[in-house]
Amino acid sequence: MSRAATEALIFEYYRTFNQGDMDSFLSLLSSDVVHDINQGERQIGVEAFAAFMDKMNRCYREQLAEIVIMSSPDGSRAAAEFVVHGEYIADDEGLPPAKGQTYRLPAGAFFEVRNGQIARISNYYNLNDWIAQVS
């Protein structure tokens, strides 16, 4: 894939996320997608990613803004930096109780792209910052 095609793919990933279009969002992932969860485990497969998103959408209402996408010259890897504008709407296990708290959190992600689909996503944000904002 070209650099431009990779950046368009990552932009579409975030556009469909912001629209809440989970079918289109998940269709951008390879069936064996690797998902490295911030300060958590590695999950493999689109089914695991879909289950993760079900939990996230139950506990959080988020929109991503100020998205900047960068990619390697051959289009095989990309990175994105963005700001998460969110609301904590239901308790997430091991985290403070949800009471509709809002938060603003800088974040980033790294991607591997293979055969026109996202094959790896590694997300990063400051969990301690998020906990301070919702506590």
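Rundown of residues vs (1) touching a strand residue (DSSP E or B) at 6+ places or on another chain (Cβ under 9 Å); (2) open to solvent by less than 40 Å² (accessible area, probe 1.4 Å), yes/no style:
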{"position": "D36", "(1), (2)": "yes, yes"}
{"position": "N57", "(1), (2)": "no, no"}
{"position": "Y60", "(1), (2)": "yes, yes"}
{"position": "V68", "(1), (2)": "yes, no"}
{"position": "S72", "(1), (2)": "yes, yes"}
{"position": "F82", "(1), (2)": "yes, yes"}
{"position": "I89", "(1), (2)": "yes, no"}
{"position": "L105", "(1), (2)": "yes, yes"}
{"position": "Y124", "(1), (2)": "yes, no"}
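The single condition among (1) more than 23 Å from E66 (Cβ to Cβ); (2) loosely packed, with under 15 Cβ neighbours inside 10 Å that Q117 does not satisfy is (2).
Scanning region 80-135 for residues that are in a loop (DSSP other than H, G, I, E, B) and within 23 Å of S30 (Cβ to Cβ) returns N115, G116. Considering the conditions (1) loosely packed, with under 12 Cβ neighbours inside 10 Å; (2) without any contact (Cβ under 8 Å) to a residue 24 or more places away in the chain, Q43 is excluded by exactly one of them, (1). In region 56-85, the residues that are under 13 Å from F17 (Cα atoms) reach residues that are open to solvent by 20 Å² or more (accessible area, probe 1.4 Å) and not in a strand (DSSP E or B) with C-beta atoms within less than 7 angstrom, at least six apart or across chains, in these pairs: Y60/I89; R61/I89; Q63/N18; L64/F17; L64/N18. In the set (1) more than 30 Å from V134 (Cα to Cα); (2) of a type in the set (A, V, I, L, M, F, W, C); (3) within 15 Å of the chain's Cα centre (by Cα), L26 fails one condition alone, (1). In region 58-71 there is at least one residue that is among the hydroxyl-bearing types (S, T, Y) and under 15 Å from the mean Cα position of the chain (by Cα).
Of the residues in region 46-53, at least one is crowded, with 17+ Cβ neighbours inside 10 Å and either part of a loop (DSSP other than H, G, I, E, B) or within 13 Å of the chain's Cα centre (by Cα) (or both). Residue count for region 100-135 satisfying the condition of being over 19 Å from the mean Cα position of the chain (by Cα) and either in contact (Cβ under 8 Å) with a residue 12 or more places away in the chain or within 19 Å of M53 (Cα to Cα) (or both): 6. For region 4-40, the set of residues classified as touching a residue at least 12 places away in the same chain (Cβ under 8 Å), not small (G, A, S) and not in a helix (DSSP H, G or I) consists of L28, L29, D32, V33, V34, H35, D36, I37, N38, Q39, listed by residue number.
The values are calculated or read from the model by the stated rules, or taken from the named source; none is laboratory data. Predicted, not measured: the structure shown is a model, and the values here were computed from it. When we count neighbours, we look across all protein chains shown, and the Cβ atoms used for this are built from the backbone with ideal geometry, even at glycine. Keep in mind that these areas ignore ligands, DNA and RNA; they rest on the heavy atoms of the full protein, side chains included. Shrake-Rupley method; radii C 1.70, N 1.55, O 1.52, S 1.80 Å.
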